[in-house]
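Worksheet: the structure to be examined is printed underneath.
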Amino acid sequence: MHLRRHPLFQFSWCVLNVLLVASAVLLVYGIGWEISTERYLKGFADSVVPLSTAPEQKVEAILTWMNQAPARRNAVDVESLDIRDPQTTLNYQRLLQICGSATNAFVNLASSSGLEARRLLLLNQNNRTLHVVAEVRLAHRWVVIDPAFRAVFRDAQGQPLTRSQLRDPHVFREATQKLKGYPPACTFDRTAQVRLERIPFLGGLLRKILNALLFGWEEWNWSGITERTSMALTFAAALLMGVFLAGRFALSWYGKRRLGVIRVRLREQLMRAAHALFSIPS
């Protein structure tokens, strides 16, 4: 059956194709942007962190750079800056003094130095973020780092602490008493890798769905997707491209089975075009 007899189908097909092409272009752009960002971070990290050194020494090297590095650019309006752009967080002095953007800078440098690092949100009873710290995997343990205070949380014996250990009030007081100005309300009683509740209306429902379908999903490292613009764009473009491809296949099946529309496949169209272009007229 001819496609023109079904204008709604034809319109939907054209829209899906346009969206699919747009998502593919966006994906290519995102991949290029992410590669550029990774190269920038690798070069930056190589200038800050010694290549052949132990993981804990790499952490200390990054914290030392954040604390003692030469003065960087200052911005009049911090809110106008993109705190999810690594080049921004690493080059503006004031952003390295804010817990969220300082943690982003630390996680990006740590990851580019070969460490496993991720963000950790400290929440209040209403699931609002009180403070942002980082976790780094050292000796098979996720130990807590506070980039804003340029410190590793340690016990009285100097051993790095995990978040579960810091839930003990005595251990928490012991670890924070030397951090001048550390807010005592920022405890580790309630933590999260991703605060889905900030998504209006759907956050709580999305958390329930993920809890039901993906066991332990909160322990995955979401820092790159949620806090790096280039990676978030790449992930979103890939997701959209998958959705549009699925929609295209579903629409093709519906047109063939329900409407009797037989499409000419893209490969056949290209072969016909090539034949028409390169064939020699008789």
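Any read-out appearing in this document is the output of simple, stated calculations on the displayed coordinates, not a laboratory observation. Given the structure is predicted, the values throughout are model-derived calculations rather than measurements. Cβ coordinates were reconstructed from backbone atoms using ideal geometry, including for glycine residues, and neighbour counts include every protein chain displayed.
Can you list the lysines whose alpha carbon is less than 27 Å from that of K180, not counting same-chain residues fewer than 8 positions off?
Excluding near neighbours in sequence, the set is K58.
Just subtract the alpha-carbon distance of I31 and L81 from 0.36 nm times their residue separation and send over the number in nm, one decimal.
15.8 nm
Which ³J(HN,Hα) values in Hz, rounded to whole numbers, follow from the phi angles of region 50-66 under the Karplus curve 6.51 cos²θ - 1.76 cosθ + 1.60, where θ = phi - 60° and Gly and Pro get x?
Listing the rounded values in order: x, 5, 9, 8, 6, x, 5, 5, 5, 4, 5, 5, 5, 5, 5, 4, 4 Hz.
Under 5 Å between amide hydrogens, which residues at least 5 positions from H131 or on another chain qualify, with H placed 1.01 Å from N in the peptide plane?
L122
Going by C-beta contacts inside 10 Å, put S230, S101 in order with the fewest on the left.
S230, S101
Quick check: pseudo-label points 7 Å beyond the Cα along Cα→Cβ at L51 and A24, how many nm apart are they?
So the label points at L51 and A24 sit 4.0 nm apart.
Peptides 103-109, 125-131: what's the order by average Cβ count within 10 Å, highest mean first? Display every interim value, and only then the final one.
Working: 103-109: 27.6, 125-131: 13.3.
Highest mean packing first, the order is 103-109, 125-131.
Within region 124-143, list the residues whose amide N lies under 11 Å from a label point set 7 Å along Cα→Cβ of D189.
124-126
So if we plug the beta-carbon distance of R173 and W222 into 1/(1 + (r/R0)^6) with R0 = 30 Å, what FRET efficiency do we get, rounded to 0.05?
Computed FRET efficiency for R173 and W222: 0.50.
Only counting other Cβ atoms within 10 Å, I'd like T53, T37, T229 sorted with the fewest neighbours first.
Fewest to most other Cβ atoms nearby, the residues stand as T53, T229, T37.
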